[in-house]
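Below: one structure, written as structure tokens.
The values are calculated or read from the model by the stated rules, or taken from the named source; none is laboratory data. In this text the structure is predicted, and so the values were computed from the model without any measurement. Quick reminder, even Gly has a Cβ in these numbers, built from the backbone with ideal geometry, and neighbours come from all protein chains shown. Accessible surface areas use protein heavy atoms only, side chains included; no ligands, DNA or RNA. Shrake-Rupley method; radii C 1.70, N 1.55, O 1.52, S 1.80 Å.
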Amino acid sequence: MTSLVTSTQDDTSILLTIEKLSIKLQDKVILSSLDLRLNEGDILGLVGASGCGKTTLLNTIAGFVKVNEGTITLDGRILNSKLANNKDEINLPAEQRQVGMIFQDYALFPHLTVKENIAFGIAKLSKAKQTQQIDQLLHILKLTDYRDSYIHQLSGGQQQRVAIARALAPKPKLLLLDEPFSNIDARLRNELMVEIRLLLKEFKTTAIFVTHNKDEVFTFADKMAVMSQGQLLQFDQPSIVCQQPNSYQVADFLQLGSWLPCAVTTSLNTILATSLLGEFELASESAAAQQALTYLLVKPSQLILTTDLAENIIANAQVEYISMTEQGYHYHLQSLDTLPTDPPTQASHLAFTKLSLYSDNILNLKQKVRLDIKQENLLFFNKSMA
Amino acid sequence: MLVGGISASTQLFSHLWQTVLPTYLVNTLWLGLLVVLLALFFGVISAAIITQTNVFFKQQLRWLLLLPMAMPAYLVAYLYTDLFDYAGPVQRMLRSTFTWNSPADYWFFDIRTLPGASVMLALVLFPYIYMLSRGAFEQQDENLFRASRLLGLSAKKSFFKIALPLARPAIAVAASLVLMETLADFATVQYFAVNTLTTVIYDTWLGYGDIGAANALASILMLLILFAVLAEQRSRAGLRHQSNRPNLNKELIQLSLSQQIMASLFCWSLVVSGFLLPLALLINMALEYSDVEQLTGLLSIGINSLKMSVIAATIAVFIALILGLYQRLHSDKYAKIPQQISGFGYAIPGTVLAMAMLSTLGPLDHWLNDSAEFLGFTPPGLLLSGTIFAVVFALVVRFSAIANGTIISGIKQIPHSLDYAPATLGAKLNRSLIKVHLPLLKPAIVMAWLLVFVEAMKELPAVLILRPFNFETLSSKIYQLISDEMLEQGALGAILIVLFGLLPIVMLNKSEKKI
């Protein structure tokens, strides 16, 4: 149940379908022709820089934002349907969508008790049914003692659990979570994420949660979507996204490594990417091979450090910045001799400044070292959007 | 005063108690209840329409609905009586249209009744409720409504389940303010001959010259006021702080065309009946009846009013600044006390306050004169109780709360770091106050000054009782003209009071736009 990988990909279990969704707010394009499919029971982590449209996407699914074009279908029901140049429009009101939401500030009703907050969405049920359901939720979320407390009497973590109980009570088809962990103490966060994930799995709840913290996705989600400028760049299992990012933007946003500029040259029948740290062979059909300049994603684990410089081991980088982390020392390394210029010239365009290296070795500032790169699983990307 | 009142066992008081007092008391309670209910009806509904829906003329109505605040209730009362009287234009027109000849031929409502007085007061007091509930609605976190809608409630239902209960403390504060104003009202009920506690206090003092009985009556009124004050403070305690960064992007309830028209009409009828129509009637009167002689007469009276209000406003703001800054810079728990005490003054009706002044300043004056005589000086006369001093003193006591409230909320806007920053740059306290705090407080100072100024211009009972012989202000003059059914003579002065009353509203609106 806690496994991060789910392999249900068949169409029969698709719960949420978003097609060609476009949103404009005050003439600004927020989402442009976005497609998304989510399987029943999956938890999707939506990441992206602030302003990329992830919160707007949530609010649109919830029914708070007007759709300019596109369709949203949840469990076979059309929530939104709007074609360009067509006046016919379906826009189901928020209260009829069977979509639950947990807000960043929880949005708990301050004038109601814990019990009344949870009962809010199930007022149509009989009193006995309500009580039974509330008691069950209070029990699962360890809130039984706070049944009659008001919201301001609870701690942040308790408030969040009330928000979850309230959202789950009406048994929504889809649960949306807007940066649910951003207000939680870092120490508690991980524990809470694991706890809530188990809970969602227990209730078999399909969920989308928004965050700007990729680590939360790894702990919490089955699927990961990286958004930028109103579009989905990549959508897959978190492990796949990290091992095989599909673009410079994805790798850069997720900070999967640092960038090494390479010049692409053809000599004889091989296409070579030449950097200040060595040459790498490129497959002739790869996108990188079509460019004059490409970037190698250098993960810290791919760097080989040599500090004992000898005659045949020539230094090619020097230490520019040192900090201490839990993974040992963190160094920024800069190319020797050639420094980057703005704009880059023929001489400086291969220079690098901030190659990240983690090591237990103690290096000094400005110390010259030798860097080599393991020639396996090399990923080259072009900077411009594909 | 309270002690004097309780120990007063004058014959008049017991006579009053056996005869008319119970009726007056009941009248007072009914009046308070009716005005509060009506003002709630007008104020909460209009605030809800403006903040929650896509009503027509929303931007204009938003501030127009505040204007009735500038209208003194007694003016509205007089003008509407004029309009709806047997001899007034409305009934004349009806009679000529339907060829009715006498009152026996038809039924027409009588405005000079307790319900009539309630409507008049509610028409000019509802903006308090409108303003505070509008603020409460606007500050509510939109996410609460989104949560409610996702839990299955429509936008309208969410309003009743979430917005209204959350605004309840603010609405209660406003309602208790309206209750205080109603209990303090003197001129409207006097003009309508609806006998309430304020009128009987006034009559007991001026008609029978019995200050003991008047004090006793005033004590009863103060007990009622105390109830309103307690209600207000309880409600204030209930004002809950919301999330630090509430989502204020309101999603409006979309009204159908007919609903939009109805809602718009409701708001416009309040604006018209509470402000535009009375003002139009006044302007019409002024155009028809004013002449140069009247104008010069009003001019000297107007100057009296200005002088008195300027002095009162300046002193009140000065005191508020000292108290406010003292409280800010001395964070011990007692620093709040002087300000809280001064805040109580607003709750004291002008009539009661004037009685209290007379009973304290009068003996003080006698003592001064006696001592002067004893020391061989010429007695200075009624130095305190017989001069403008008493009036100004009463006005300052009564309206300090307004100045305090405004200044304090201004001070709260100044970050605490600014208290300390000047010292780290080597500036002494007085320099930092002059160079940092006062300039930052300028808008609050101006606002506080204007509010007290306008209230002082409008204040009637305290001025009426305490003014020196032959000292007239615009409000006292207008009141006399109203009593003599001759407002035409003072229409210009009345317009002046209304126009002055608009100043703080305009300024409030302007400063709100800046934010």
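Some observations on this one:
- Radius of gyration and maximum dimension Dmax of the range A:193-314, Cα, Å: 19.5, 65
- Placing A:324, B:131, B:457 in order of accessible area, with the largest value first and a 1.4 Å probe, yields A:324, B:131, B:457.
- Computed from the alpha carbon atoms alone, the convex hull of the range B:416-515 holds 144 Å³ per residue.
- For the range B:70-175, the C-alpha radius of gyration sits at 1.67 times the compact-globule guess of 2.2 N^0.38 Å, with N the residue count.
- Surface exposure of the range B:43-103, expressed per residue as accessible area with a 1.4 Å probe, stands at 40 Å².
- Interface residues of the range A:99-148, defined as those with an accessible-area decrease of at least 10 Å² between the chain by itself and the complete set of protein chains (probe 1.4 Å), are A:99, A:101, A:103, A:104, A:105, A:107, A:109, A:110, A:111, A:120, A:121, A:124.
- Apolar share of the accessible surface for the range A:230-386: 49 percent from carbon plus sulfur atoms, 1.4 Å probe.
- Sum of side-chain charges, residue A:223 neighbourhood, beta-carbon under 11 Å (Lys, Arg +1; Asp, Glu -1): -2
- Interface size A-B, as summed buried accessible area [1.4 Å probe, Å², nearest 100]: 2000
- Remark: chain B is approximated by an ellipsoid whose semi-axes, taken from the C-alpha gyration tensor as √(5λ), come to 37, 35, 23 Å, largest first.
- For the range A:35-125, the spread of Cα positions along the three principal axes, ordered from largest to smallest, is 47, 34, 26 Å.
- Taking amide H as placed 1.01 Å from N in the peptide plane, the amide H of residue A:174 sits under 5 Å from that of A:100, each at least 5 places away or on another chain.
- Relative compactness, the range B:341-485, computed as alpha-carbon Rg over 2.2 N^0.38 Å: 1.41
- Per-residue SASA remark: residue B:100, around 80 Å² accessible (1.4 Å probe; ligands, DNA and RNA not included).
- Based on Cα contacts under 8 Å between residues 6+ apart, chain A shows a relative contact order of 15 percent.
- Chain-alone versus full-assembly comparison, the range A:29-71, residues with accessible loss of at least 30 Å² (1.4 Å probe): A:64
- Charge tally for residue A:190 (other residues, Cβ to Cβ under 10 Å; Lys, Arg +1; Asp, Glu -1): -2.
- Packing order of peptides A:168-177, B:78-87, highest average first: A:168-177, B:78-87 (average count of other Cβ atoms within 10 Å over each peptide's residues).
- In the context of the full protein assembly, residue B:106 retains an accessible surface of approximately 30 Å², using a probe radius of 1.4 Å and ignoring ligands and nucleic acids.
- Remark on residue B:53: its backbone amide H falls under 5 Å from those of B:253, a criterion applied only to residues 5 or more positions apart or on other chains, H modelled at 1.01 Å from N.
- Under 16 Å of direct C-alpha separation, and excluding same-chain neighbours fewer than eight residues apart, residue A:87 reaches these aspartates and glutamates: A:69.
- Cut-off 9 Å between beta-carbons: net charge of the residues surrounding residue A:77, Lys and Arg +1, Asp and Glu -1: +1
- From the C-alpha gyration tensor of the range A:162-235, square roots of 5λ in Å: 20, 16, 11
- Solvent-accessible ranking of A:127, A:383, A:87, largest area first, probe 1.4 Å: A:87, A:127, A:383
- Solvent-accessible area, 1.4 Å probe, carbon plus sulfur percent, for chain B: 67
- Residue order by solvent-accessible surface for B:374, B:399, A:203 is B:374, A:203, B:399, largest first, with ligands and nucleic acids left out and a 1.4 Å probe.
- Accessible surface, the range A:117-216, averaged per residue in Å² (probe 1.4 Å): 47
- What the pair-distance distribution of the range B:146-205 shows, using all Cα-Cα distances binned every 5 Å from zero, is 4, 16, 15, 11, 9, 9, 8, 8, 7, 6, 5, 2, 0 percent.
- Surface accessible to a 1.4 Å probe, residue A:285 within the full protein complex, Å²: 150
- The alpha carbon centroids of the range A:45-93 and the range A:289-326 are separated by 45 Å.
- Inter-chain Cβ neighbour count for B:136-147, averaged per residue, equals 4 (cutoff 10 Å, partner chain atoms only).
- Counting Cβ atoms of other protein chains within 10 Å of each residue's Cβ and taking the mean over peptide A:86-97 gives 3.
- Per residue, the solvent-accessible area of the range B:141-292 (1.4 Å probe, heavy atoms of protein chains only, all protein chains present) comes to 45 Å².
- Mean projected area in nm² (Cα convex hull; one quarter of hull surface) for the protein assembly as shown: 56.8
- Considering the range B:128-251, its Cα convex hull presents a mean projected area of 9.9 nm².
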